[in-house]
Amino acid sequence: MRYWLETYGCQMNKAESEALAIELEAAGWTQGGDSTDADLVVLNTCSVRRTAEERLEGRLGHYRHEKERRRFTLAVVGCMSERLKDEFRARFPEIDLVVGTFQKGRFLDALGETLRSHRPLTFADGGEYRFAPLHSRGEFKAFLPVMHGCNNFCSYCIVPYVRGPEVSRPPEEIVRELDELQRRGVREVTLLGQNVNSYAYLNNGTRLDFPGLLDIVADRMSGTGWIRFLTSHPKDCSRALIERLAGTRAFCRHIHLPVQHGSDRILDLMNRGYTRGDYLKLVRDIKNTVSGATITTDILIGFPTETEKDFQDTLDLMREAEFDDAYTYYYNPREGTKACALGDTVSREEKLRRLREIIDLHRDVKRKRQFDRLGRTERVLVEGVSKKNPGELLGRTEHDEMAVFTGPPDAIGTFATVRLRNLQGATFRAEPVQ
Ligand code: SF4
């Protein structure tokens, strides 16, 4: 019995797909070479933007034709399944099984019932989210979900509606998975959550918060690897967290801190829960406390009622914050979100013009910040051989950037020390330091 699994969307989806693959293989399924010889095709869906759903619909069209050629089971799991439920099968009758976010942990049972009954089924009636015991088959780096869901209800975001309220994972489960990952030689662990720094677990009357969890993880990880975490919300980025980043070498001195916008009026309409002043103070605090820290962000432009002044405020904030990288996109109304009621007031042309200006500014800032680091010696985790030149290796710095340097393939999965010599696009050219 062969399966084929396609994953769309965020790191959490990637981690959950790994968990699903582990469970399928434990139940005797093997991964097919590609989709054409699979008895089971699973699409792990994303619903964060309309474009993500359109992409998925394209894949479903492909599998509709495939079904005219041969028999196989087509299953869809994840956020789009949670959002659409039965409507998903009504719109795409080629689907045999719909499994929502909260039922992912029971996928095998749902699949068994579908195969036994030879009837298309939907399992998306909410319930309690269950963390899988293991989320990685990887060799040296792994995602480790520590919480699920989000309580923030940013007005443009569908996540709280498809992933539900925040649930923090019991620390003993996290430690058990971490120990297993280390036993398998994992060197880089990324703690995952839609809003990871609002982790809070009530343990025998004691509240374990995110900095507390980081202490536990650092203790178990120290000396063998480094720790990243994703995604932080600025309103939950505490002084205690910043001090952990500064004080413990197990943590990468890098934080992804989505600001989304630079205008207080728009931040309020987005329901982000902080002002541009709060955010810039946080950036200063991180840079002043964590030496060599790098900060990346998300910028959403073209939000309903955004004026030229609001846009200029965003450019201004970017100049002041000097981000090391930024993921930039423009607003699309998302059915089911609060912002959807505000209409789509900024024209597509204007959104593209503003996005272009944001990207140009960011590219210059990023390049300047990378240039400033040339000549420095940095540690990298060797991730593979360069596609362009097999005699060269690709390593990732703790600041989540790539460096190319000469070295033997058996260094993959280990740490190396390199001196940053030059820049090729956004990739550093480096030399190994003995
Ligand atoms: S913090 Fe806001 S943008 Fe992020 S997942 Fe939660 S609601 Fe969505």
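Structural remarks
- The set of residues in segment 132-185 that are assigned to a loop (DSSP other than H, G, I, E, B), away from the ligand (no atom under 15 Å from the Cβ) and among the polar types (S, T, N, Q) contains only 136.
- The single condition among (1) more than 16 Å from the ligand (Cβ to nearest atom); (2) in contact with a strand residue (DSSP E or B) (Cβ under 6 Å, 6 or more places away or on another chain) that residue 102 does not meet is (2).
- Close contacts from segment 381-393, counting a first residue that is closer than 20 Å to residue 186 by Cβ and a second that is assigned to a strand (DSSP E or B) and among the basic types (Lys, Arg), with Cβ to Cβ under 8 Å and a gap of 6+ residues or different chains, come to 381/141; 381/396; 383/141; 383/396.
Per-residue answers, yes or no, for (1) open to solvent by less than 70 Å² (accessible area, probe 1.4 Å); (2) more than 29 Å from residue 285 (Cβ to Cβ):
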site: 321; (1), (2): yes, no
site: 334; (1), (2): yes, yes
site: 337; (1), (2): yes, yes
site: 364; (1), (2): no, no
site: 375; (1), (2): yes, no
site: 385; (1), (2): yes, yes
site: 390; (1), (2): no, yes
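- Remark: pairs (first residue in segment 91-115, within 23 Å of residue 59 (Cα to Cα); second residue buried (at least 22 other Cβ atoms within 10 Å of the Cβ) and acidic (Asp, Glu); Cβ separation under 7 Å; 6+ apart in sequence or on different chains) = 100/82; 101/82; 104/16.
- Any pair with Cβ under 9 angstrom, 6 or more apart, that starts in segment 346-367 at a residue that is closer than 14 Å to residue 318 by Cβ and ends at one that is of a type in the set (S, T, N, Q) and not in a helix (DSSP H, G or I): 355/328; 358/328; 359/328; 362/328
- Candidate set: segment 144-161, residues that are more than 16 Å from residue 215 (Cα to Cα) and touching a strand residue (DSSP E or B) at 6+ places or on another chain (Cβ under 8 Å); chosen: the one most open to solvent (accessible area, probe 1.4 Å): 156
- Scanning segment 1-33 for residues being open to solvent by less than 30 Å² (accessible area, probe 1.4 Å), touching a residue at least 40 places away in the same chain (Cβ under 8 Å) and more than 21 Å from residue 196 (Cα to Cα) gives a total of 4.
- If you go through segment 241-274 and keep only what is closer than 28 Å to residue 184 by Cα, open to solvent by 10 Å² or more (accessible area, probe 1.4 Å) and within 16 Å of the ligand (Cβ to nearest atom), you end up with just 256.
- Residue identified as surrounded by 18 or more Cβ atoms within 10 Å (Cβ to Cβ), touching a helix residue (DSSP H, G or I) at 6+ places or on another chain (Cβ under 7 Å), assigned by TED's automatic domain parsing to the domain that holds residue 211 and not hydrophobic (A, V, I, L, M, F, W, C) among 232, 238: 232
Rundown of residues vs (1) closer than 19 Å to residue 113 by Cα; (2) not in a strand (DSSP E or B), yes/no style:
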{"position": "6", "(1), (2)": "no, no"}
{"position": "12", "(1), (2)": "no, yes"}
{"position": "71", "(1), (2)": "yes, yes"}
{"position": "75", "(1), (2)": "yes, no"}
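- Set 287, 281: member being within 27 Å of residue 146 (Cα to Cα), without any contact (Cβ under 8 Å) to a residue 24 or more places away in the chain and not in a loop (DSSP other than H, G, I, E, B): 287
- Every residue from segment 381-404 that is hydrophobic (A, V, I, L, M, F, W, C) and either out of contact with any Ser or Thr (no Cβ under 9 Å at 6 or more places or on another chain) or assigned by TED's automatic domain parsing to the domain that holds residue 139 (or both): 385
The values are calculated or read from the model by the stated rules, or taken from the named source; none is laboratory data. As the structure is a prediction and not an experimental result, all values here were calculated from the model. Neighbour counts are summed over all protein chains in view; Cβ atoms, including those assigned to glycine, are modelled from backbone coordinates with ideal geometry. Just so you know, the surface numbers come from the protein's heavy atoms only, side chains and all, with ligands and any DNA or RNA stripped out. Shrake-Rupley method; radii C 1.70, N 1.55, O 1.52, S 1.80 Å.
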